[in-house]
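Data block below; observations after.
Since every read-out is calculated from the coordinates, none of them should be taken as a lab result. All of these numbers come straight from a predicted model, not from anything done at the bench. Note: ideal-geometry Cβ built from the backbone for every residue, glycine included; neighbour counts use all protein chains shown.
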Amino acid sequence: MYLKSLTLSGFKSFGRTTVFEFPTKVAAIVGPNGSGKSNVAEGIRWVLGEQSMKSLRGKKGEDLIFNGSEKAPRLGRAEVKLIFDNTKKQFPFEFDEVIISRRVVRDGSNEYLLNGSTVRLKDIFELLSKVGLGSSQHHIISQGEVDRILWANPSDRQAMIEDALGLREFYMKARESERKLAETEFNVKQVEAQRREIQPHIKYLKSQADKMKAHESNVEELAQKAQEYAKREKASLESMTKKFVASKNPVLEEIRKKEDEISKLRGEVQREEREFAEVPARKKMNEELDRLEEKRRSLERELGKVEGMVQGARASGAGGSVSHAALTQVIRETIVLVDEIVQKDSYESLKSGLKDIRMKLETIIRSPQNAEAADAPFLQRKDAITKELGAIEKIIAGLKIQKEEDEASRDDLMADLRERERALRDREREVEILKQQIREVEFTELQYQSRVTDFAKFMEDLRLVEEDAKEGSIFENDADRASLLRSVDRLRLKLEEAGGIDPAVLQEYNETLERDAFLARELEDLKKAQESLERLLGELHGTLKERFSHGIEKISQEFNEIFKIVFGGGKAALEYVKPKKIQADEMSEEIEEEKSGIEVVLDIPRKRIRSLEMLSGGERALTSVALLFAMSAVNPPPFLVLDETDAALDEANSQRYGDLLERLAKKAQLIVITHNRETMRHAGVLYGVTQGDDAISRVLSVKLEEASAYAKA
Ligand code: ATP
C-alpha cells in the first residue's frame, strides 16, 4: 500500500485544483518561502482527521478555504483528497484504491468521505489506525516540530511512541471495552437495584397469593364438606319422612276407627234420647191424663153448681113451666160445653160433648110439672156427673199407674244410655291418648320441618342444587351431623373473614415473579458480558503491555543504532519511567506529579550531556530525526511527511540525514519538504511550488533526472 496521489482543491493557497502524484519512494516539494509548501503537509494532516486548528495554522475551518486575492475570487469550500493503492488489501476493503477526502465549507461544517460515501470521523480514525496512520500523526512532522518528541513530557512521548507502534487501535478497543464495562457495571447495579426494589413487593404478593391459595383450598374443602352434608342431610330427612309416615299412619288409622265408633255411639245416644221423648203413645197418654184431669175439674165444678140448683128449685117450689132462670142456666151450660168442644178439637171429645148437650136439652123438654119433676133434671144431672166423675177418676188412676210404670221402664233405658255414654267417653279418652301420640310425632315432625327449612336455606346459601344432594348416607347420629355442619360453618366463617381476595393479585404475583426472573436472567447475561469484557480487557492490556515493552525495546535498539550512525558513536536509549513526584523547577517548592512515560537517555560521544535541553539545535534535530526514524523503522507507517526536518543541519549532517532518508525509504514512502539540495538529491520526483501574482500556489513537477540535475545545479 502506498499513497498514490494528493489533490488539493481550494485548500489554503491552492485556489486551483492541484494534484500531487507520488510514483516514487521519495518525493520532494520545493519552492520559495511562502509559496504554499507547508500547506501541502497541512492538507495531508487535515484530510487524515486533524482536529487542532492550531496545528493547521488557523483559527476556524473557514481559514482553510482559499480566501481569494486581488486577482482571484475567494472560494466557498475546500477539499483535500488522498488516493491510496490498496491492491494488497491492507485497508480492509475489496477496492484496489481507497480514497479518503475531507471537505469544509464556509460555515465551518466538515464532511469526510470514504470512496465517495460520507462517513464519520470515527470511521476514518478506525480505518487509519489499522494501517499505522494513528491519530497523533507522528508520521507528519511539521515545520519546526521535528524535536517535538524530545520536548514532550514522558507521558506524551509515550503516547506518540504507542501511536507509532500501532497500539492506538488496541487502546481504542480497550477504551471502548472499558466504556462498555463501565456501562455494564452500571447496568448490573441498576438491575440489582431493581431486583432489590421488587423483593418486598414479591414478598407481599407471595403472602397474598398464599392467602389466595389457602382461600381456594378452603373454598374447595367447603364445597366438598357442604356437598357431603347436603347428601347426608337429604338422605336423613328422607328417612325421617318415611319413619313419620310409618309411625303416624297406624295411629291415625286407629284414631279414625275410634272416632267412627265415637260418632256412632254419640248418634245412638242422641237418637235414643230423642226417641224416648218423642214416643206417640206416651205423648197421647200424657195428653189424655191432662184432658181427663181437666175434665174432672170441670165435672166437679158442674157438680157443685148442680147441687146448688137442686137446692134452689126445692126452695122456690115453682111449677108449671120451665123457669126462665132454669132455661137460661141450661143455655149457659150448653154454651160452655160447645166452647169446650170447640177448644178440644178432637172427635172423641166432640162426641162426648154432643152427648152432654143432648142431656142438657132433654132436661128442658121433660115436663117440669111437679116439684120433683122440677128437681129431677138436676138430680139426674148430679148422678150423671157423679158417675162420669167416678169413671174419669178410674181412668185417671189407671193412667197414672200406667205412667208410673212407663217412668220405671224409662229408668232402665237411662241406665242403658249412661252405659253407652261411658263407652263413648272411654273411646274419647283413648282417642285423646292416640292424638297425644300423634302430637308427639308431630312435634318431632315440627322439628323435622324446621330442619327441612334450614336445609333448604343451607342449599340456597351454599348455592347447591338437587344434583349435589344425591345418594348420600344418613347421619348415624346427631353428633355426626352437628360436627359436619360445624366444620362447614367454620369454613364459611373463615372465608367470610378472609373477605374479598383480589384474583388480580395472583396475576400480579406471577407477573412480578416473571419480571424478577427476567431481571435475574438479564443480570446473568450482564454478568457474563461483564466477565467477557473483563477478560477481553485483560487480554488487551496484556497485548498492549507486551507489544509496548517489546516495541520500546526494538525502537530503543534502532534508535541506538541510528544515533551511533548520526553521531559517529555514543549511545541512545528509551527508558520506561514510573510515575514520580518532581519539583517543577529548582526555584519553586511546587511539587508536580509526573506521569509514567518514556524517557530519552543519551550519551553523545566526547560530550557529557546531562539533559536534552543541553543539546544544540542541530544535535537536537539529529537526535529527533534518529528517534523518529527508529520509530518509523520498527513499525513503518505507509508514508512520512517531513516538513523541513533538515532545516537546522549543516552540510555534513545533511549528508548523514540523506543516508537516513535512504535507509528509511526502504520501509516507508517519504514526502519531504525541503530547501536542502542534499535532501533533494534523494528524491525520485520533485514538485516545485510557486505563487504567481494571483496568490494561488502552482506546481510544476520535475522528473527524477531533472531533479538530480536541479539538485546538482
Ligand atoms: P516557507 O518556505 O517560508 O516555509 P511555504 O512555502 O511553506 O513557506 P506556506 O506556509 O505553505 O509557505 O504558505 C503560506 C502561504 O499560504 C502564505 O502566502 C499565505 O498567505 C497563504 N495562505 C494561507 N492560508 C491561505 C488562504 N486561506 N487563502 C489563500 N492563501 C492562503
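At most 14 other Cβ atoms within 10 Å and a DSSP loop assignment: could you name the chymotrypsin sites (Phe, Trp or Tyr not before Pro) in the stretch 36-95 that fit?
Numbers: sites: Trp46, Phe66, Phe84, Phe93, Phe95; in loops: Phe66, Phe93, Phe95.
Hits after loop and neighbour filter: Phe93, Phe95.
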**OP:** Would you mind checking Lys355/Lys382; Lys25/Lys88; Lys180/Lys595; Lys89/Lys130; Lys25/Lys89 for any pair whose Cα atoms are more than 21 angstrom apart?
**Re:** Lys180/Lys595
Original post:
GluC sites (Glu not before Pro), restricted to the stretch 30-132: which are DSSP loop and have at most 13 other Cβ atoms within 10 Å?
Top reply: Glu70, Glu94
Original post:
Against the longest alpha carbon principal axis of the chain, how many degrees, from 0 to 90 and to the nearest 10, is the axis of helix 168-277 turned?
Top reply: 10
Original post:
Which loop trypsin sites (Lys or Arg not before Pro) in the stretch 1-95, with loop taken from DSSP, have no more than 14 other Cβ atoms within 10 angstrom of their Cβ?
Top reply: Arg57, Lys59, Lys60, Lys71, Arg74, Lys88, Lys89
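Counting Lys and Arg as +1 and Asp and Glu as -1, what is the net charge of the other residues whose Cβ lies under 10 Å from the Cβ of Ser101?
Details: positive: Lys81, Arg102, Arg103; negative: Glu79, Glu111.
Within the 10 Å Cβ shell, the charges total +1.
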Subject >> P(r), alpha carbons of the stretch 108-232 - 5 Å bins starting at zero, rounded % >> reply: 2, 8, 9, 9, 9, 9, 7, 5, 4, 4, 4, 4, 4, 4, 4, 3, 3, 3, 2, 1, 1, 0, 0
Subject >> Dipole of the chain, positive direction: furthest Cα of Val105, Pro503, Tyr347, with charges on the beta-carbon >> reply: Val105
Original post:
Expressed as an acute angle from 0 to 90° and rounded to the nearest 10, what is the orientation of the C-alpha long axis of helix 617-634 relative to the principal long axis of the chain?
Top reply: 50
Subject >> Percent RCO, i.e. relative contact order, over the chain, from Cα pairs under 8 Å lying at least 6 residues apart >> reply: 25
Subject >> Centre separation in Å (Cα based) which lies between the stretch 118-148 and the stretch 608-627 >> reply: 25
**OP:** Please work out, to two decimal places, the log10 of the ratio I(q)/I(0) at q = 0.17, 0.21, 0.23 Å⁻¹ from a Debye calculation in which every Cα of the stretch 401-494 carries one identical scatterer.
**Re:** -0.92, -1.14, -1.23
**OP:** For Lys284, go through the aspartates and glutamates and keep the ones whose alpha-carbon is under 17 Å away, minus same-chain ones fewer than eight residues off.
**Re:** Glu275, Glu293, Glu294, Asp345, Glu348, Glu404, Glu405, Asp406, Glu407
Original post:
What residues qualify as long-range amide H neighbours of Lys571, i.e. H under 5 Å apart, gap of 5 or more or another chain, H built at 1.01 Å from N?
Top reply: Asp603, Ile604
Subject >> Other-chain or far-sequence residues with amide H under 5 Å of Leu670's (modelled H) >> reply: Val26, Ala27, Leu640
**OP:** For the stretch 73-179, take the alpha-carbon Rg, divide it by the Kirkwood Rh, and send me Rg/Rh.
**Re:** 1.02
**OP:** Please work out the Cα center distance from the stretch 391-455 to the stretch 675-703, rounded to the nearest Å.
**Re:** 165
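With contacts defined as alpha carbon pairs under 8 Å and 6 or more residues apart, what's the relative contact order of the stretch 1-93 in percent?
Reported relative contact order: 45 percent.
Normalised radius of gyration for the chain, please: alpha carbon Rg relative to 2.2 N^0.38 Å, two decimal places. Intermediate values should be presented prior to the final figure.
Working: Rg = 80.0 Å, N = 713, 2.2 N^0.38 = 26.7 Å.
In units of the globular-protein estimate, the chain measures up at 2.99.
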Original post:
How much net charge surrounds Asn115 when only the other residues with a Cβ under 13 Å from the Cβ of Asn115 are counted, with Lys and Arg +1 and Asp and Glu -1?
Top reply: -3
Original post:
Among all the aspartates and glutamates, which ones have a C-alpha under 13 Å from Lys470's C-alpha, if same-chain residues fewer than 8 places away are not counted?
Top reply: Glu228, Glu233, Glu238
Original post:
Assigning unit charges at the beta carbon (Lys, Arg +1; Asp, Glu -1) and nothing else, what dipole magnitude in debye, to the nearest 20, does the stretch 115-228 show about its Cα centre?
Top reply: 120
Original post:
By a straight-distance test (C-alpha under 15 Å), which aspartates and glutamates pair with Lys203 as possible cross-link partners, with residues fewer than eight away in the same chain excluded?
Top reply: Glu508, Glu511, Glu514, Asp516
Original post:
Does anyone have the angle between helix 651-665 and the longest principal axis of the chain? Alpha-carbon axes, 0 to 90°, nearest 10?
Top reply: 40
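Which whole-number percent of Cα pairs in the stretch 589-681 have a distance greater than 18 Å? Let's see the in-between values first.
Working: 2256 of 4278 pairs.
Value for the stretch 589-681 (Cα pairs over 18 Å): 53 percent.
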**OP:** With no solvent and one equal point scatterer placed on each C-alpha of the stretch 155-302, evaluate the Debye formula and give log10 I(q)/I(0) for q = 0.13 Å⁻¹, two decimals.
**Re:** -0.98
Original post:
Between the stretch 225-290 and the stretch 504-524, what's the alpha-carbon centroid distance in Å?
Top reply: 81
**OP:** Find which of Leu462, Tyr448, Val431 sits farthest along the positive direction of the dipole of the stretch 422-468, computed with +1 on the beta-carbon of Lys and Arg, -1 on that of Asp and Glu, about the Cα centre.
**Re:** Val431
Subject >> Entries of Lys360/Lys403; Lys571/Lys666; Lys243/Lys494 with Cα pairs more than 32 Å apart >> reply: Lys360/Lys403; Lys243/Lys494
